[in-house]
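One structure below.
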Amino acid sequence: MNIRKFPTWQKIVLVVVGISALIAFGLHAWYRSSAGEYRSYLSPDGRFKMVVYRLPMLVAMPGQSSDAPGFVRLYDQRSGRILQQKDVEMVQDIDRFEWSPTNLYIDLFADWSLPK
């Protein structure tokens, strides 16, 4: 595709769309990197760790501070590697979970297999 074939207005639109996409990606990356640890839990054998991260709320009404969105990660304690990750609408929803030798079950949220 030769960009010289496009009229000037289309070139401007392409540049604006490209710059907008880069800005949106940068803002998203900054927002995710500003997450703070809300809670963390070790598996009974100490091999795995579940961490609930809370994203900052840009706007909140009084009384909504615990309704923050976030994400949950499952880590391998030996390597520090992320094994699973999933977004959650409200971090306080992650309060009931059960470790087994083969799975981490988070009530109404996830059922993750644990590696051997």
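Run the reach check for LYS49 against aspartates and glutamates, Cα to Cα strictly under 13 Å, same-chain hits fewer than 8 apart removed. What comes back?
Reachable aspartates and glutamates: GLU37, ASP76, GLU98.
List the residues whose amide H sits under 5 Å from the amide H of LEU114, counting only those 5 or more places along or on another chain, with H placed 1.01 Å from N in the peptide plane.
HN-HN under 5 Å from LEU114: ASN103, LEU104.
Quick one: helix 8-33 against the long Cα principal axis of the chain, what's the angle to the nearest 10°, folded into 0 to 90?
20 degrees
Show me, for the stretch 69-86, the HN-Hα J-couplings you get by feeding each phi into the Karplus relation (A = 6.51, B = -1.76, C = 1.60, θ = phi - 60°), rounded to Hz, glycine and proline as x.
Going residue by residue, I get x, x, 8, 10, 10, 10, 10, 8, 5, 5, 9, x, 6, 7, 8, 9, 8, 8 Hz, with x marking Gly and Pro.
So with the 1.4 Å probe, I'd like the accessible area per residue for the chain, rounded to whole Å².
That works out to 71 Å² per residue.
For the stretch 90-101, just list the computed ³J(HN,Hα) in residue order, Karplus coefficients 6.51, -1.76 and 1.60, θ = phi - 60°, integers in Hz, with x standing in for Gly and Pro.
So the Karplus estimates, Gly and Pro as x, are 9, 5, 5, 5, 8, 10, 10, 8, 9, 8, 10, x Hz.
Compute the distribution of all C-alpha to C-alpha distances in the stretch 65-116, in bins of 5 Å from 0, and list the percent of pairs in each, rounded to whole numbers.
For the stretch 65-116, the binned pair fractions read 5, 18, 28, 24, 16, 7, 2, 0 percent.
Got a sec to turn the phi values of the stretch 36-42 into Karplus ³J(HN,Hα) couplings, 6.51 cos²θ - 1.76 cosθ + 1.60 with θ = phi - 60°, whole Hz, x for Gly and Pro?
In residue order, the calculated couplings are x, 5, 8, 8, 9, 9, 8 Hz.
Pairwise over distinct Cα atoms, reciprocal of the mean inverse distance: report the Kirkwood radius of the stretch 19-58 in Å, one decimal place.
For the stretch 19-58, inverting the mean 1/r across all distinct Cα pairs yields 12.1 Å.
Which whole-number percent of Cα pairs in the chain have a distance greater than 25 Å?
Details: 2897 of 6670 pairs.
Looking at the chain, the distances longer than 25 Å represent 43 percent of pairs.
Note down the nm distance, to one decimal, between modelled labels 7 Å out along Cα→Cβ at LEU108 and at VAL13.
4.6 nm
The values are calculated or read from the model by the stated rules, or taken from the named source; none is laboratory data. All values reported here derive from a predicted model rather than from experimental measurement. Cβ atoms come from the backbone with ideal geometry, glycine included; neighbour counts cover every protein chain shown. Areas reflect the complete protein model, heavy atoms only, side chains present, ligands, DNA and RNA absent. Shrake-Rupley method; radii C 1.70, N 1.55, O 1.52, S 1.80 Å.
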